[in-house]
Amino acid sequence: MSEIILEIKNVTKTYPGVVALDHISLDFRKGEVHALVGENGAGKSTIIKCIAGAVKPDSGSILLEGRELAGKKLSRDDGNGVEVVYQEFNLAPQLTVYENIFLGNQIKKGPGGILVDKRAMIEKTRALFQLLGIDIDPEARISSLSVAYMQFVEIAKAISRNAKVLIMDEPTATLTTAEVEVLMKNIRRLKAQGVTVIYVSHRMEEIFEITDRCSVLRDGQYITTVNTKETSREALIRYMVGRELTESYPERKAAIGEEVLRVENLSGNGVSNVNFSLRRGEILGFGGLVGAGRTETAEMLFGAARVEKGDIYLHGKKISIPNPRAAVNLGIALIPEDRKRHGLILGRDLLENMTLPVYRKISKASFINFRLQKRLGKEQVDALMIKTPTMEQLAKNLSGGNQQKVVLAKWLITGSDIIIFDEPTRGIDVNAKQEIYKLMNRLVEEGKSIIMISSEMPELLGMSDRLIVFSEKRQVGQLTKEEMDQASVLDMASGDK
Amino acid sequence: MKTLKKIFRGQVLSIYIALIVIVVLFSILSPNFLKLSNILTVLRQVAAMGIMACGMMFVMLLGNVDLSVGTQVSLIGIVMAHCMVKLEMGILPAVLIGICLGLVIGLINGFVVTYCKIPAMIATLGTSWVFEGISYTICNAQPIFGFPSGFSALGQNLLFGIPIPIYLFVLCCIITSVVFNLTSYGRTLYAVGSNSEAAKLSGVNVNFMKITSYVICALFTILASIVFLSRVNSGNASTGIGQEMNVLTACVLGGVCFTGGDGQISGTIAGVMIIGVIQNGLVMLGAGEYVQLMVKGLILIFALSIDSVKKVIQSRKTA
């Protein structure tokens, strides 16, 4: 058993009304990959913030190699050995890779060190990348890199500062399968070099692939730490939710009817030649890797991106969708992947969020009928079981699952009958996921049609009536319910046949 | 009680307290400050600024700004004066021409910001120079006076002992407040200002909102310009210069968020009053124009810092 490098002792942190961390004690060993798991709101992010010094715990201590860290802000210079790779990167997009690696820490030369030693920094960066097995040009601009590569730069930056503990917050959320593989390889390399990796993720497969130990948090409480090898997915989920949860998908009895939407040779927004039809009461899945062209296609259907070629037919009639407004009027709705940026107006209240598209419809002589607005909102809050104290609650104060329901409510009030869900359950906890699935079922049972983009294979297979698989900005295949299985989808999505 | 709370929520209460403190301070320092005649002077002075501030709020709620309102006032004023004096038109035709010109100005600003995609601050700085240049060209840098009789009544006469511009200011505030709080246009303004991307994806025509906000801003400026012209009773190309900073400072001081999506008319009124009171109070104390400029500059920076600090605190709370 190797030595303990980072120890969290009895840490408590409360926010108004919530105990985010309740006397948490955890230890991390040198050179291990340690997963932190738990539903949303379990306290994972708060722990990370405490370790990183972004948040000061109310009580307790955090020891790195015996040194107290609690409440001290991490700064670049003190090099105290803890580095965090956040979901949102701290990179300067206009600068090159090597400039970012050495940001604030440049190698200098010349009299008094007034010049930067470009060559030395490039060389060092190259050496660092070689060590980590990353293939990036040190002189490339950050803005020209893909998200995955930006993440590698972040990791390299952390390592260049002699990180002993590297915290990764949902590192694979935006990566494609191939990129995840590279990340896993990198993590193993780091581990071999004695770096401790704290790995926060929702994705079970990765946790079982890469981690040594796994600590479970629930509602700010420490539940247990297990050796990953000695546990199972079911056991872990049981710890997380505190009860048995069947990973099954709710049944539905939707009658699949006539064709409502047909797309022929649709090209644009980087995607080419998409063909499919959508029927009434059907959930059509869009499968494939992130960046394969699924969201891009959805954007065209919603008028958020320009169609270059091809035709869209709604109820057999050819239509054009020049902008989202047109899509909304045609009854096509999009529930975007990034609900905080694209789906909601976080600083406004629930009611405003839900009724924004229908303001004109519920106004007389442009004066809003507030009674009607409230009634429409109330109906949806009840129907979708949105948990909120009042209708005036700001959208940003709701949990992920409830936020997603608000976005959905918006489109139900609008009366949309084709709803595109882009990663409907991203960042939503296990129980809320089930609720979202049930809602989707109810919608198709009521005769609406759904297009669901998802990167979660079980969800895709469990919920879709039919599947369209994308790869490298092209549609590569269609699968019926009978033909669907993990292997065939993966095979198609990997492309290159 | 609830509506009262709504009106005074957030920064608005503290800005009214600040206003009272400033008034008390000046009335101690200068015995003439609280005299009725001086109060009327202050109100008369703030009326035009307040009318412009109402218009500015439409633009600022979307996260934009209109730095050309000052020279808009000059240009519209000069054109109306030119029509009345040099072209010997009646009051009504001249005002109509002024209104048309204002609408065109609003459309130009809206177009430049929306379709040329220039940051509003730079775009309207540019247009403000254009407007200023045109004003000086039209009047050849000479004041124009000798308006038809009756024109000055609007700016100078009293109605029930209160200057007419004050009624106009109050009317503008009521209209603005109603539009902001009760109409679909107003609520959409707040939504777009808070998150224009999400609003667009909810089917809102964001470009329409941007352009119309500039046109509405120009409409208020037209009114302000008429008030200015009749009060001074002479058209001068330098009338409006610097007004945009007064208006901007008043709005920001009143809690209108510089990045959009937040702000109430009740706050702006207080902001306008503070600027007016300070301007007047400094004059009473014998401070010159340059001291006023310094003080106003400091206030603007102070107000903007409040805005930023507020955001920092908010982000800490949510973190």
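Results, tabulated for the structure shown:
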| item | result |
| --- | --- |
| Pairwise FRET efficiency - B:Glu289 versus B:Lys86, Cβ, R0 = 30 Å, nearest 0.05 | 0.50 |
| Projected label distance in nm at A:Ser59 and A:Thr12, using a 7 Å step from Cα toward the beta-carbon | 0.4 |
| Low-density loop cleavage sites - trypsin sites (Lys or Arg not before Pro) in the range A:254-322, where at most 13 other Cβ are within 10 Å (DSSP) | A:Arg306 |
| Where only alpha carbons of the protein assembly as shown are counted, the Rg and the Dmax (Å) | 31.1, 99 |
| Dimensionless Rg/Rh of the range B:33-190 - Kirkwood Rh, Rg from C-alpha atoms | 1.00 |
| Once the Cα gyration tensor of chain B is diagonalised, semi-axes √(5λ) in Å | 30, 26, 17 |
| Debye log10 I(q)/I(0) at q = 0.14, 0.18, 0.19, 0.24 Å⁻¹ for the range A:354-456, Cα point scatterers | -0.56, -0.90, -0.99, -1.41 |
| Cα gyration tensor, the range A:178-222 - rounded (a/c under 1.5), prolate or oblate | oblate |
| Amide H partners (placed H, <5 Å) of A:Glu308, local residues excluded | A:Ser267, A:Gly268, A:Asn269 |
| Förster radius 35 Å - calculated FRET efficiency between B:Ile174 and B:Leu125, Cβ distance, rounded to 0.05 | 0.65 |
| Selection of GluC sites (Glu not before Pro), the range A:441-490, meeting DSSP coil and at most 14 other Cβ within 10 Å | A:Glu446, A:Glu482, A:Glu483 |
| The range A:444-489: trypsin sites (Lys or Arg not before Pro) falling in loop per DSSP and having at most 16 other Cβ within 10 Å | A:Lys481 |
| Gain upon complete extension [A:Asn162, A:Ala192; 0.36 nm per residue less C-alpha separation] | 9.3 nm |
| Total formal charge among the other residues, if their Cβ is under 11 angstrom from that of B:Gln279, Lys/Arg +1 and Asp/Glu -1 | 0 |
| Sorted peptide list for A:406-419, A:371-384, B:123-136, criterion being average Cβ within 10 angstrom, highest first | A:406-419, B:123-136, A:371-384 |
| Centroid-to-centroid separation of the range B:124-144 and the range A:176-207 [C-alpha atoms, Å] | 64 |
| Rounded to 5, the percent of DSSP beta bridges in the range A:132-265 classed as antiparallel | 55 |
| Top of B:Gly102, B:Gly261, B:Gly150 by mean-square fluctuation, Gaussian network on chain B, Cα under 10 Å | B:Gly150 |
| Spherically averaged projected area in nm², based on the convex hull that wraps the Cα atoms of the range B:179-277 | 7.2 |
| Local net charge near B:Val192, Cβ-Cβ under 12 Å (Lys/Arg +1, Asp/Glu -1) | +2 |
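The numbers here are math on the coordinates, done by the rules we state, and not lab data. For clarity, every value in this text was computed on a predicted model and none was experimentally measured. Glycine also receives a Cβ, built like all others from the backbone with ideal geometry; neighbour counts cover every protein chain displayed.
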